[in-house]
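Asks: So that we are looking at the same thing, I have put the structure below in structure tokens.
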Amino acid sequence: MKTFITDDFLLYNDTASELYHDTAKDLPIIDYHNHLNQYEILEDKNYDNLADVWLGEDHYKWRLMRANGISESYITGDKPAYEKFLAWSKTVPHAIGNPLYHWTHLELLRYFGIDELLNEKSAPAIWEAANAKLKTPDLSTRALLKNKKVEFVGTTDDPTDDLKAHQALAETDYSVMVSPSFRPDKGLGIENDDFVAWVEKLEAVTNSSIENYDAFLQALENRVNYFDENGCRSSDHGINVMFYEEATKDEVAQIFAKRLKGEVLTEKEVEQFRTYTLVVLGELYADKGWVMQLHINPLRNNSTRMFKLIGPDAGFDSVGDHLLANKLSNLLDAMDINNKLPKTVLYSLNARDNNIIAATAGNFQSDEIPGKVQFGTAWWFNDTIDGMEDQMKTLANFGLISNFIGMLTDSRSFLSFPRHEYFRRILCNILGTWVEEEKAPKDMELLSTYVRNISYENAKRYFQL
């Protein structure tokens with residue numbers, strides 16, 4: 001049976017259709033935050049089969065398969081690839097209403113030309129057709145990016161990473177810019193068991209001895225410089241619980257020394273260390289012209305049993321509900337007071353926080369950078385039609401949607417780029433609906449400028465590409 005994806009999929013009026021087809025459809029993609037494997041781009045990998053490229057690291061799909069009663073052996077276990085694909089095919093018909101139902105069929109159509117609903121009956125033929133195409137040069141990792149007009153990919157990288165793949169890619173004639181993003185979560189997680197081991201890794205890559213807090217900060221600055229030399233445009237921070245606790249540098253130095261000695265820190269000391277260190281890092285980012293991304297309020301690794309079996313990032317995270325307004329505002333203000341707040345993108349996994357983030361962003365704007373502090377696109381569990389509409393409408397209510405930097409995939413899959421199409425269709429439909437409801441003028445030149453900027457140009461300027 002053919003899919004439901006027509007030319008006007010998600011476009012419910014003539015204005016929306018015109019905006020999408022005449023402006024949005026063929027724009028290049030700036031994917032400024034994802035978790036793609038840069039080594040697979042460097043080697044221009046061809047995936048062996050649809051299960052590997054689709055299911056290998058996609059915890060979105062894993063969650064739905066578990067919800068459908070699929071055994072873990074078909075999800076993260078050792079079952080053959082084809083059997084895992086069949087298990088996903090069995091799950092898809094149950095997923096109407098979930099964005100994965102749309103994404104699955106968009107990916108089959110856009111990458112493989114398969115305009116057919118995926119289910120147990122259609123699965124064998126789809127498996128054969130898709131696998132045959134995956135083995136061709138047209139669907140290697142580099143081709144997958146280039147064919148979707150991806151111009152920029154921002155990977156996610158630990159400060160201790162060597163960035164050799166990024167360096168090698170920069171020396172090729174590949175047209176897609178693959179840029180590292182500085183993710184120092186392990187350097188801020190002073191309370192974690194692996195903190196001291198991470199500091200030792202930082203010592204090794206900086207060829208230094210980190211015996212005190214000054215040396216620690218110097219090593220972090222060393223790595224910021226190294227990342228900058230290798231094309232970095234942004235940092236990224238995973239913040240499970242928003243923090244802010246004032247401290248002097250001497251106090252934080254004592255906290256750092258206690259931790260190196262193996263002493264247990266109080267919650268206040270942990271917050272003091274994180275706060276002071278992130279403010280220092282933020283000022284470094286501002287000097288470099290980087291973007292600082294704050295991903296706030298996930299509740300991670302909820303199933304202890306499955307964490308012990310599989311580990312982190314396996315589909316057992318959910319939405320946190322910690323309050324953030326005061327601490328987030330204080331953290332941004334601590335950088336802004338010295339005019340050292342970098343360009344900042346704020347995301348929360350809890351849609352309850354949308355008003356807070358949109359309002360907070362408006363407090364810290366700049367007369368030099370339109371949209372300097374951004375209310376970031378609907379993230380993770382919010383990455384749905386309702387979630388994207390709510391995020392964009394909230395942004396429009398509280399600020400200027402015209403300066404929004406738009407969509408990202410946040411994905412580990414090279415087949416995820418039709419999510420940009422999904423976003424653009426939703427954006428065009430919002431604007432078209434406002435016209436139809438007489439909430440906006442039918443000025444197609446003006447509206448087309450909105451669509452082009454939100455889909456592409458704003459991010460290009462914001463990340464200085």
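Bear in mind these aren't lab numbers, they're just calculated from the coordinates by the rules spelled out. Worth saying up front: this structure is predicted, and the values here are computed from it rather than measured. As a convention, Cβ positions derive from the backbone with ideal geometry for all residues, glycine included, and neighbour counts pool all protein chains shown.
Asks: Once a ≥ b ≥ c are taken as the square roots of the eigenvalues of the Cα gyration tensor of region 316-386, is the result rounded (a/c under 1.5), prolate (a/b larger than b/c) or oblate (a/b not larger than b/c)? Please report the intermediate quantities before stating the final value.
Replies: On the way: a/c = 2.54, a/b = 1.68, b/c = 1.51.
Here region 316-386 falls in the prolate category.
Asks: Using the 10 angstrom Cβ neighbour count as an exposure proxy, how do Tyr60, Tyr213 rank, fewest first? Display every interim value, and only then the final one.
Replies: Numbers: Tyr60 18, Tyr213 22.
Placing the least packed residue first, the sequence is Tyr60, Tyr213.
Asks: Another question about this same structure. Please grab the % of Cα pairs in region 260-407 that end up more than 27 Å from each other.
Replies: Working: 3347 of 10878 pairs.
Every Cα pair in region 260-407 considered, those over 27 Å come to 31 percent.
Asks: Specify the longest stretch of the chain that does not include any exposed loop site, a site being one of the GluC sites (Glu not before Pro) with a non-H, G, I, E, B DSSP assignment and at most 14 other Cβ atoms within 10 Å.
Replies: Working: sites that count: Glu43, Glu120, Glu171, Glu211, Glu246, Glu263, Glu368, Glu437, Glu438.
Answer from the scan: 264-367.
Asks: On to the next question. Count neighbours as other Cβ atoms within 10 Å of each site's Cβ, and list the trypsin sites (Lys or Arg not before Pro) in region 71-153 that are DSSP loop with at most 16 such neighbours.
Replies: Values: sites: Lys84, Lys90, Arg110, Lys121, Lys133, Lys135, Arg142, Lys146, Lys148, Lys149; in loops: Lys121, Lys135, Lys148, Lys149.
When the trypsin sites (Lys or Arg not before Pro) of region 71-153 are filtered for loop state and at most 16 Cβ neighbours within 10 Å, Lys121, Lys135, Lys149 remain.
Asks: Using the alpha-carbon atoms, what tilt in degrees (0 to 90, nearest 10) does helix 99-112 show relative to the longest principal axis of the chain?
Replies: Helix 99-112 sits at roughly 70 degrees to that axis.
Asks: If one computes the Cα centroid of region 358-381 and of region 16-92, what distance in Å separates the two points?
Replies: If we compute the Cα centre of each part, the gap is 30 Å.
Asks: Under 19 Å between alpha carbons, and skipping anything fewer than 8 positions from Lys79 in its own chain: which lysines qualify?
Replies: Lys61, Lys90
Asks: Multiplying the sequence separation of Asn355 and Ala143 by 0.36 nm and subtracting their Cα-Cα distance, what value in nm do you get?
Replies: Working: separation 212, 0.36 × 212 = 76.32 nm, distance 3.96 nm.
Extra length available between Asn355 and Ala143 comes to 72.4 nm.
Asks: OK, next. If one takes the longest principal axis of the Cα atoms in the chain, at what angle in degrees, from 0 to 90 and to the nearest 10, does the Cα axis of helix 213-229 lie?
Replies: Rounded to the nearest ten degrees, it is 40.
Asks: Quick check on region 46-139: take the gyration tensor over C-alpha atoms, sort the square-rooted eigenvalues as a ≥ b ≥ c, and tell me if it's rounded (a/c under 1.5), prolate or oblate. Numbers along the way, then the final one.
Replies: Values: a/c = 1.72, a/b = 1.26, b/c = 1.37.
In terms of gyration-tensor shape, oblate.
Asks: How far, in nm, would the chain grow between Tyr39 and Glu389 when pulled straight, counting 0.36 nm per residue and subtracting the alpha carbon separation? Please report the intermediate quantities before stating the final value.
Replies: Working: separation 350, 0.36 × 350 = 126.00 nm, distance 3.49 nm.
Result for the pair: 122.5 nm of gain on full extension.
Asks: Between Gln365 and Asp14, what is the FRET efficiency for a Förster distance of 30 Å, r being their Cβ-Cβ separation, to the nearest 0.05? Walk me through the numbers before you get to the answer.
Replies: Details: r = 35 Å, r/R0 = 1.17.
So the FRET efficiency works out to roughly 0.30.
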